[in-house]
Each structure stands twice: as structure tokens, then as C-alpha cells.
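What follows is calculated from the coordinates using simple rules that are stated; it is not laboratory data. Note that the structure is a prediction, hence the values are computed from the model and not measured. So basically every Cβ, Gly included, is an ideal-geometry build from the backbone, and we count neighbours across all protein chains shown.
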Amino acid sequence: MSHPSPGPSPTPPAWPHCAQDSTPDNPVGCRGIHVPGHTACLAHLAVNDRATYLAGLAPGDDIDHRGTTFTDPLLADLLNVLRDPGTDNLRLGRADFDLATFTGFVRFDSATFTGAAWFQSATFLGPAFFDSVTFIEPASFSSATFTGDTRFESATFTRAAWFDSATFTGDTASFSSATFTEDAWFESATFTGDTASFSSATFTGDARFHSATFTGDTWFESATFTRAAWFESATFRAEFVCEGVSIGEDALFQRAVFERASSFGPLECAGRVLLSGAEFAGPVVVTVAARRVECRRTRWSATAELRLRYATVDFSHAVFEYPLTIAAEAGPFVLTDGRAMAEQGLVGAPDTVVRIASLRGVDAAHLVLAGVDLSRCLFVGTVHLDQLRLEGACVFDRVPPPAWVGRGPRFAVRRTLAEEQHWRAGRPGAARGWNTAVLGAGGVGPAQLEPVYRALRKAFEDGKNEPGAADFYYGEMEMRRHDREGTTRTERGLLHGYWALSGYGLRASRAVYWLAATMLATVVLLMGFGIAQDTPKQQATGTIPAGGGKATFEIDKDDPQNPSSDRFTGERFEKALNVTLNSVVFRSSGQDMTTAGTYIEMASRLTEPVLLGLAVLAVRNRVKR
């Protein structure tokens with residue numbers, strides 16, 4: 001988020017400068033601006049004229065010494081006449097030191113600049129201390145060079161402060177506990193010393209560190225950014241400490257480079273933390289509490305762990321070759337001093353749940369997700385999704401609940417992918433309850449979703465979570481059933497039957513319902529047509545040959561007769577039920593049947609055991625370990 005800002009510090013205009021001390025190698029000579037009423041700068045002014053000029057100054061006066069070279073004695077003479085006799089502190093009005101050179105130890109401690117302070121392109125060859133200085137008007141140190149230790153500790157910048165393109169080459173550059181009331185510009189600044197510290201600094205306006213370079217340890221511990229913090233394309237070549245940092249709006253680290261940062265945070269941000277395009281060269285633990293974390297095309301060159309709170313994470317096209325974990329933190333982050341990090345900027349957030357918005361373009365072979373919400377996550381385009389590890393309670397979206405609403409039934413409750421929700425919501429006549437696609441989700445169909453479901457099913461199975469894999473197998477089969485391009489009509493017909501009879505072997509209740517219905521139909525048909533009216537009796541008939549005592553008998557049995565009346569009686573029901581129950585377990589009942597009954601029994605002995613097997617299979621798939 002951007003805000004109106006005064007822009008970079010203006011370029012100093014030309015001025016009449018002192019031309020003394022010119023040499024063949026330096027024909028321009030001294031560039032110090034003329035002291036008013038003279039033709040030389042303060043450094044080259046005659047002793048008497050300098051004394052007269054200094055005597056005419058008083059605390060709070062404006063001074064203009066652009067381009068002047070200050071030795072320790074000369075600077076001391078100037079600052080002594082600007083000290084408030086009541087407090088012994090420096091008090092200056094507008095101070096122009098653009099292009100000035102300070103050869104010794106510069107001390108502006110506890111000074112007050114009531115006018116603008118200009119140190120653009122100034123050079124500090126020794127230590128420069130501005131501790132507890134107050135800048136009432138804008139202060140500019142653009143393109144200044146600090147070769148010794150530099151301190152702005154507890155300094156107060158009431159208006160805009162510019163340090164863009166400044167160079168700090170001393171061992172330490174400290175802005176600890178400094179207060180920047182308006183925008184602070186450190187764009188393209190270079191800190192080459194051992195330490196650059198902004199610990200406990202307060203930035204009420206935007207803090208801009210675009211393209212800044214930090215070669216030593218960088219400390220932002222307990223710093224407060226009321227508005228946005230910009231670190232785009234910044235480079236951190238040593239430790240980067242931002243523990244306990246609070247940012248009121250966005251924190252922008254796009255294209256930043258962290259070469260040896262072992263930790264990033266804990267950091268609390270009321271807006272977005274943008275790490276898109278950033279590079280982490282070493283192992284790092286990122287701890288962030290923010291409303292949104294964007295890591296699009298972020299590169300992780302070593303192991304990494306992201307511990308988050310509140311955040312919706314866009315991880316699309318991130319690159320990593322080593323194990324990387326994204327985990328939801330249950331409680332507030334604990335700082336090294338044992339205190340829990342405050343989260344005032346997130347008080348209005350609905351919950352602390354970490355939601356993954358996208359994993360598209362990610363190679364998930366080394367990715368671990370722990371306790372995150374995947375109900376809105378976009379998976380299509382993720383590589384090696386079958387090797388994804390899911391730890392803890394990772395939540396997926398669910399289909400609308402199973403209830404009859406309006407003209408048709410809803411669907412069996414199961415976990416589903418966000419992209420299936422989008423696809424179903426976009427179909428003509430879609431049932432209510434499916435989530436519509438968000439902007440940028442793109443349009444995908446069954447052909448793209450089938451391999452995603454298959455990969456996630458395998459990931460659950462490899463994790464020995466067979467019941468958890470069942471929903472993804474169901475989704476895979478649903479996509480095959482609806483895929484009119486990759487599945488033949490015959491295969492789709494078989495899948496429709498498999499779905500209708502048992503929910504792909506996962507809905508035991510559906511198979512049991514069909515079994516009960518089939519058994520009931522079998523009983524009714526047998527009572528009506530299959531059971532003979534009477535049990536046929538055996539009869540013996542024979543012929544006694546004349547003159548002999550030997551008789552030959554043929555024992556025959558009457559054909560079973562279809563009942564003509566009283567078909568549905570208790571006795572016939574008992575017989576039909578006995579036949580049906582025996583058919584379920586492939587056993588013959590031994591009951592006398594009519595011709596129709598024989599075929600009814602054959603059909604029931606084929607279908608009912610299959611339905612029973614599907615029900616048993618569905619139960620097993622839900623309890624298998």
C-alpha cells in the first residue's frame with residue numbers, strides 16, 4: 001500500500017564557491033560557499049573575518065556552509081556559538097551542509113534543528129554522533145558518506161528524513177530508538193560495517209529501504225512501523241534480526257536477498273508481508289503473524305520453516321530443494337526474553353487460522369503442511385503432490401451436506417478441493433452451496449482435477465491414513481465419471497453404476513440400501529411367481545409283465561404349479577425369505593420353485609452377494625489402518 005510522500009531529497013543547487021587551494025590535479029579547489037559579505041568559505045576566511053562572523057551568530061540562527069571542509073577546531077568554533085546558554089545544547093535554525101567535509105569527530109548530540117537540516121553528499125571522515133538530536137523540519141543526508149561509527153540513537157525526525165544512497169562504512173551505524181514521524185527514506189543506502197541497528201526505532205510514516213544493502217548484521221529488534229515498511233530488492237548478507245517487529249500496514253520484502261539470515265521474526269503485521277521473489281540462501285525460520293503472506297516465486301536455497309498465525313498464504317511457484325515446513329502456531333509467538341509478542345494490529349481478525357491460498361507451480365516433494373486450512377487452496381499445477389506430507393489437523397473444504405433441497409438431492413459429505421467446488425458451481429443447474437471461483441483461480445475441469453485427487457490419495461495412503469485417503473479416491477472417481485474427453489462412454493457407464501450402487505465402494509449405507517431393496521424385491525417376486533402352489537408329491541407307476549413276478553416302477557414328480565390364489569400368505573413369505581437369505585450367501589435353499597422362481601433365485605444369488613460385498617468393502621475402507 002502506498003501513501004503520498006515527499007519523494008527523494010532534492011538535488012542541491014549550485015552556489016558561489018571558494019576557489020582557493022586549487023591545484024593542477026584539482027583545478028576547482030575548495031567548493032565551500034562564500035561566507036556572506038566575503039569571497040571565501042568559512043575554512044579559508046581570514047582569522048579576524050571569521051571571528052567577526054562567528055561573533056555575529058546566536059543559537060537558533062540559520063547557517064549555510066555548503067561544500068566547506070570542517071576540521072575539529074573549526075567545527076567546534078562554529079558549534080560553540082550556537083549552544084543555548086541555558087541548556088548548553090545546540091540549537092540551529094536552517095542548516096545547510098551539503099557537500100561539506102568533516103575531517104574529525106562530529107558531535108551534534110542533543111542538538112535541535114528548528115529549520116531544515118541539509119547534509120546531502122556530505123562526507124564524515126570520522127565518527128558522527130547525532131544522538132538525541134531533534135529535527136523539527138525535513139532532514140536530508142542523501143548520498144552522504146559516513147566512514148566512521150555513526151549514531152542517530154534516540155534521534156527524532158519530526159518531518160521527512162532522507163538517507164537515500166547514503167553510505168555507512170564504519171563498524172557501526174545505529175538508529176536505535178530513533179523516531180521517524182514522517183516518511184524515512186533509506187533507498188539504495190549501503191551499510192558495509194559490522195552492524196546496522198534500528199532496534200526499538202519507531203517509524204510513524206512509511207519506511208523505505210528499497211535496494212538497500214546490509215553487509216553486516218542488521219537489527220530491527222522491537223522496531224515499530226505504524227505504516228508500510230518497504231524492503232524491496234534489499235540485500236542482507238549477514239544476520240537479519242527483526243524479532244518483535246510490529247508493522248501497521250504492509251511489509252514489502254519483494255526481491256530482497258537474505259544470504260545468512262537464520263531467523264525472520266517474530267514479526268507482527270496488520271497488513272500483508274510480501275516476500276515474493278525474495279531469496280533465502282541459508283537455513284531460516286520465518287515467524288510471522290499477519291493477515292496475508294505472499295511468497296510467490298520466493299526461492300529457498302536451504303531448509304526453512306514458516307510458523308504463521310492469522311495468515312492467508314500464497315505460495316504459488318515458490319522454489320525450494322530442501323525440506324520446507326508451513327505450520328500454524330497455536331499461541332502467540334514468544335520472544336527471546338520470554339514475553340509473548342503483542343498482536344494489537346490483528347485484534348479485529350476473525351481467527352488465528354493459517355489458510356493456504358495456492359500451491360500452484362510448487363514442487364511438493366519436500367513440503368510439509370502442519371495444521372493449516374486447505375479449503376481454499378489451489379492445487380492444480382503442483383508437482384509431486386503425491387509426496388506432500390500433511391501433519392496435524394489439515395482442513396479441506398466439504399461438499400454441501402446430504403439433504404434433499406428443492407428439486408434434487410445434495411451430495412454425500414466428503415472432503416473436496418477448492419477447484420472442484422469452482423467447477424461444480426459453474427455448471428448449468430448447479431446445486432446451491434458450492435463455492436464460486438475467486439479471481440485468478442482459472443478454469444479447470446475433471447481432466448485436470450483427476451490426477452490431483454489421485455496424487456493426494458497416494459499421499460494419504462503413504463502416510464498410512466487409509467480412511468483419510470478415501471475421500472480423495474471418491475473425488476478421483478467422480479472426476480473420471482464426469483470426464484467426457486478422457487473416459488469412454490462404456491467406462492462412464494460402469495462408473496455410474498459403481499457410484500450408484502456403493503459410492504465407489506465407500507458408501508456402505510448405499511450398498512446396504514440397495515441390498516435391502518433387492519432382497520425385498522426378491523421376496524415379493526418369489527411370493528408372487530416363484531414359490532410353487534403346493535409341494536409336488538412323488539408318485540410311483542409301473543407295469544407287471546405277464547407271467548412274471550418282477551415289477552419295474554418309474555418314480556416321477558409333478559411339475560411345480562404357479563399359484564392361482566392366496567399368493568401372499570405367511571407361509572409363502574417364510575419360504576421366500578428363506579430362499580432370499582440363502583441367496584445372499586450363495587447357498588441353495590432346496591425349495592421347490594416354478595420356472596420363473598428358478599430364474600429369480602439365480603438373479604438374486606448373483607446380485608445380492610455382490611451388494612453385500614460392496615457394503616463390507618465400504619466399511620473396511622473407512623476403518624482400515
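Quick look at the values:
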item	result
Summed residue charge, Cβ within 12 Å of residue 244's Cβ, Lys/Arg positive, Asp/Glu negative	-4
Whole-Å distance, taken between Cα centres, linking the stretch 206-255 and the stretch 116-153	21 Å
Segment residue 516-residue 387, length gained on full extension (0.36 nm per residue, minus Cα span)	42.3 nm
Taking 424, 309 and counting other C-beta atoms within 10 Å, the order from fewest to most	424, 309
Cα-centred dipole magnitude for the stretch 229-352, charges only on beta-carbon of K, R (+1) and D, E (-1), debye, nearest 20	220 debye
C-alpha center-to-center spacing [the stretch 441-492, the stretch 316-351] in angstrom	33 Å
Rounded if a/c under 1.5, otherwise prolate or oblate - the stretch 428-500, Cα gyration tensor axes	oblate
Pair residue 83, residue 484: separation of 7 Å Cα→Cβ label points (nm)	9.1 nm
Prolate/oblate/rounded call for the stretch 106-220, Cα gyration tensor, a/c under 1.5 rounded	rounded
The stretch 69-125 shape via C-alpha gyration tensor axes, a/c threshold 1.5	oblate
Computed magnitude of the charge dipole of the stretch 231-300 (debye, nearest 20; Cβ of K, R +1, Cβ of D, E -1)	300 debye
Summed side-chain charge close to residue 217 - residues other than residue 217 whose Cβ falls under 10 Å, Lys, Arg +1, Asp, Glu -1	0
Positive minus negative residues near residue 426 (Lys, Arg vs Asp, Glu; Cβ under 14 Å)	+1
Extension gain from residue 302 to residue 509, taking 0.36 nm per residue of separation minus the Cα-Cα distance	69.6 nm
